[in-house]
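Below you'll find the structure, written out as structure tokens, and then a few comments.
The values are calculated or read from the model by the stated rules, or taken from the named source; none is laboratory data. All values derive from a computational prediction rather than experimental measurement. Note that each Cβ is placed from the backbone with ideal geometry, even for glycine, and that neighbours are counted across all protein chains shown.
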Amino acid sequence: MMQNNNTKKSKISHLFSKTIFIFCLLMGFISISFRSQAQNEKLLKQGDSLFSSGRYVEALSLYEHLLNKRKEFSPQMLLRMAFVEESKNNYPQALYYLNLYYRISPDKQVLQKLEELAKTHQLEGYQYTDKTYFLSLYDSYHWYIISFFGLIIFMMAFWLISRVRQQRTIVPPLAVGLSSVVILLLLHNFATQRTLGIIQNDYTTFVENPSAAAPVLKVVKKGNRYQILDKKDSWYKVTIDNQTGYVRLHNTLVVQ
């Protein structure tokens, strides 16, 4: 009996220690996350202050650190980065930041700016349609849309069970529920935005195969934008002028 009590106490003690360890570990992760977020906000404010005082190059350097190293950015920050790069005539980079902004916040004014820059530098790949605008809107609000239809499906399931218990027709909730499922599947399969690539270097070659010795199909102009289909080693598979080929990774800025 005494041995059983000791065994139970040992198990409880072990479980308690394990729980405390997991709790401390979780609190440690939360603390690190909060500190990192606070540091990001501090750096972002420093960058905004530098930009407001006209120290654009320093602001851009800080913004680049936030975006590339810490994966932190704000829509306003992206617009400011595009402004600085355009003032330096680095239009591929300016287009890249505008594209990133447009992905998270579809804006007709930014769309017009993209088209204006593309027209000024005679670039390809910036033709917009109602479909691309719809895809941009969906990409920005897709979690809200999915949650909405998910809620409808849940409510229809509850209604369906209720009507089965009452031995009533199940056609109305079943029809609405199935329609919502179909819409969700269509949105998932067809409303996913494309991964785009912007050529950032002059004399970028578009080749037939992912090899340095492959035949050159075309020399691509800096700033042109194309759809990325796949990645293979140090190459992106892209579509240019209805042809499928490859460009080097280091020549491409990826918008995703």
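Odds and ends about this structure:
- Hits in region 57-77 (condition: of a type outside the set (Ser, Thr, Tyr), over 14 Å from the mean Cα position of the chain (by Cα) and over 13 Å from Gln93 (Cα atoms)): Val57, Glu58, Ala59, Leu62, His65, Leu66, Lys69, Arg70, Gln76, Met77
- Given (1) exposed (fewer than 13 other Cβ atoms within 10 Å of the Cβ); (2) without any contact (Cβ under 8 Å) to a residue 12 or more places away in the chain; (3) under 25 Å from Ser74 (Cα atoms), index of the condition Phe134 fails: (2)
- Residue check for Leu178: assigned to a helix (DSSP H, G or I), surrounded by fewer than 14 Cβ atoms within 10 Å (Cβ to Cβ) and among the aliphatic types (A, V, I, L, M): yes
- When region 237-255 is limited to residues that are among the charged types (D, E, K, R) and in a strand (DSSP E or B), the one that is surrounded by the most Cβ atoms within 10 Å (Cβ to Cβ) turns out to be Arg248.
- Leading residue by the ranking (nearest to Val220 (Cα to Cα)) among those in region 164-199 that are within 20 Å of the chain's Cα centre (by Cα) and modelled with pLDDT of 85 or more: Ile199
- Filtered residues of region 79-117 (kept if in contact with a Lys or Arg (Cβ under 8 Å, 6 or more places away or on another chain) and under 16 Å from Gln256 (Cβ atoms)): Leu95, Leu98, Asn99
- Residues being more than 16 Å from the chain's Cα centre (by Cα) and at pLDDT below 95 - total across region 90-109: 3
- Residue match in region 65-73 (condition: surrounded by 15 or more Cβ atoms within 10 Å (Cβ to Cβ) and in contact with a Lys or Arg (Cβ under 9 Å, 6 or more places away or on another chain)): no
- All positions within region 219-236 that are farther than 27 Å from Leu78 by Cβ, part of a strand (DSSP E or B) and in contact with a helix residue (DSSP H, G or I) (Cβ under 8 Å, 6 or more places away or on another chain): Trp235
- Checking Gly125 against (1) surrounded by fewer than 16 Cβ atoms within 10 Å (Cβ to Cβ); (2) assigned to a loop (DSSP other than H, G, I, E, B), the condition it does not meet: (1)
- Annotation note: of Gln243, Gln200, Gln166, the sole residue that is over 30 Å from Leu67 (Cβ atoms) and in contact with a strand residue (DSSP E or B) (Cβ under 8 Å, 6 or more places away or on another chain) is Gln243.
- Some residue of region 148-157 being in contact with a Gly (Cβ under 9 Å, 6 or more places away or on another chain), at pLDDT 95 or above and buried (at least 17 other Cβ atoms within 10 Å of the Cβ): no
- Condition met for Val181 (aliphatic (A, V, I, L, M), in contact (Cβ under 8 Å) with a residue 12 or more places away in the chain and more than 27 Å from Asn90 (Cα to Cα)): yes
- Taking first residues from region 50-69 that are closer than 20 Å to Leu253 by Cβ and partners that are in a loop (DSSP other than H, G, I, E, B) and modelled with pLDDT under 95, the Cβ contacts under 8 Å between residues at least 6 apart in sequence or on separate chains come to Tyr63/Phe73; Leu66/Glu72; Leu66/Phe73; Leu67/Phe73.
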